[in-house]
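What follows is a set of notes on a single structure, which appears directly below.
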Amino acid sequence: MAERIYFSHQDPISAQSFINYEINKASYHRWWFLLEDADEHDADSLITELMAATGCSRYEVNQAIRAVALVRMLPGLRRLVEEMFHVNISYLARIMDAVAPAAMAILDPLEKRIISRLTPRVAGEMMIQAGHLAGLITRWIKELDPSHCGPQPRSEREGEYLEFQSRGDHTYIRARLATADARRFKDSLEAVGGTRIPLAQALREFLDAKAPVQVVQYLYTPRTGGRSWMAGVGYLGPLLARDWKKRVAKEVELDAMDSAVEKGYRPSQRMRAAVIARDAHCRFPGCSVPADRCQLDHVRPWAAGGPTAMWNLMCLCQHHHNMKSDGRFTPELDELGEVLWIGPMNRPVVVRPEGPFAEEMPTGLWGQKLRVRLKEWRRKRREEAHRTDSA
């Protein structure tokens, strides 16, 4: 029997999921009906009449207009939404804002990527947040259409500035920097005093050369093709990536880390780098703290025989690490790096990894067969690790 696949808010045995479905369905059909002949009306008049008819604000009406425009423009997405009713009007409006700049020529491949991210692959998976998906859409548009937004800048640093405005005894600093460079600057200041001193004081000590500063940053680059990625920054543009590659002092091979088991409790820098590249950020549902700002947690505790291996490690920020330690939430890491969380309401939620190492899980029958195969592989690895620890 095939496993039933659904997002966490569509659990078939949950009464709340039924309510979610009916609310989204009713709202969708309401606006679809009200906006059926929208193109025939003056925009201002239409909005005013809809505000009067529905009691909604101008903002809510505009959201609905953008949402309906999206599913009319993307028929494949419309079929998915009308089959599952798993997204609400504000979610669709947010996606429309991201899709709007795309050229007509790339709508088909762009729609396929959106549908893929809005289709669950495992039971209880947590659906991607609208803002995160919108960010992915913006990146996909640039990948699919190199001419997007006119001529490409000469450098990702084009448009940068640094301004100083003195007002009495204080000076206000305004800046626009490439995200990777800004991250490097912030990391350098934090390396001076950590959390002991404010950044302003760290800047003074940095300028006075009172403290030596050494900052380690990982740049993840595929062997062939693909794009370079940096934790807390994301994927780098080609020009910025080439610039950062010049700073690389040491290259480390990470491909074999998925099957490695280390002897000690504390993961090696190589193991830590591999887990960060898989997870991208804290693995608690909805948390976006960058992975390099997180702790590496043994899902099965080290004291209980949990190995130091990628398939037993995940990134957790301090706050959510505390929640796990307190027993408020219990996680289980599977063979694909997916984490199933059980909280006080006893409702399972699955969070997929989102870093550059995260493999795309095939859908359909092949995907389920691969999942079973990898699950068996992980079971054997655990047995081997247990025998090694007992020897």
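The values are calculated or read from the model by the stated rules, or taken from the named source; none is laboratory data. Just so it is clear, the structure is predicted and the values come from calculations on it, not from any experiment. For neighbour counting, all protein chains shown are included, and Cβ atoms are generated from backbone atoms with ideal geometry for every residue, glycine included. These area figures cover heavy atoms from the full protein model, side chains too; ligands, DNA and RNA do not enter into them. Shrake-Rupley method; radii C 1.70, N 1.55, O 1.52, S 1.80 Å.
Things worth noting here:
- Among residues of segment 116-125 being buried (at least 18 other Cβ atoms within 10 Å of the Cβ) and of a type outside the set (Lys, Arg), the one that is farthest from HIS86 (Cα to Cα) is VAL122.
- Close contacts from segment 225-254, counting a first residue that is touching a residue at least 24 places away in the same chain (Cβ under 8 Å) and a second that is acidic (Asp, Glu) and surrounded by 11 or more Cβ atoms within 10 Å (Cβ to Cβ), with Cβ to Cβ under 6 Å and a gap of 6+ residues or different chains, come to ALA231/ASP292; GLY232/ASP292; GLY237/GLU156; LEU239/GLU156; LEU240/GLU156.
- Within segment 81-108, the set of residues being touching a Leu at 6+ places or on another chain (Cβ under 6 Å) and surrounded by fewer than 19 Cβ atoms within 10 Å (Cβ to Cβ) comprises just one member, ILE106.
- Residue match in segment 92-110 (condition: closer than 19 Å to ARG4 by Cα and without any contact (Cβ under 8 Å) to a residue 24 or more places away in the chain): no
- Comparison of ILE5, ILE19, ILE47, ILE65 shows that the only residue that is farther than 23 Å from ILE137 by Cα, part of a helix (DSSP H, G or I) and open to solvent by 30 Å² or more (accessible area, probe 1.4 Å) is ILE19.
- Residues within segment 263-274 that are more than 20 Å from ALA291 (Cβ to Cβ) and open to solvent by less than 80 Å² (accessible area, probe 1.4 Å), tallied: 1
- Annotation: of all residues in segment 71-113 being small (Gly, Ala, Ser) and under 19 Å from ILE128 (Cα atoms), the one that is nearest to the chain's Cα centre (by Cα) is ALA98.
- Where strands (runs of 3 or more DSSP E) sit wholly within segment 284-356, those with at least 2 residues that are within 24 Å of PRO222 (Cβ to Cβ) and open to solvent by less than 10 Å² (accessible area, probe 1.4 Å) occupy 313-316.
- Listed conditions (1) in contact (Cβ under 8 Å) with a residue 60 or more places away in the chain; (2) farther than 27 Å from TYR235 by Cβ; (3) among the hydrophobic types (A, V, I, L, M, F, W, C) are all met by ILE197, apart from (1).
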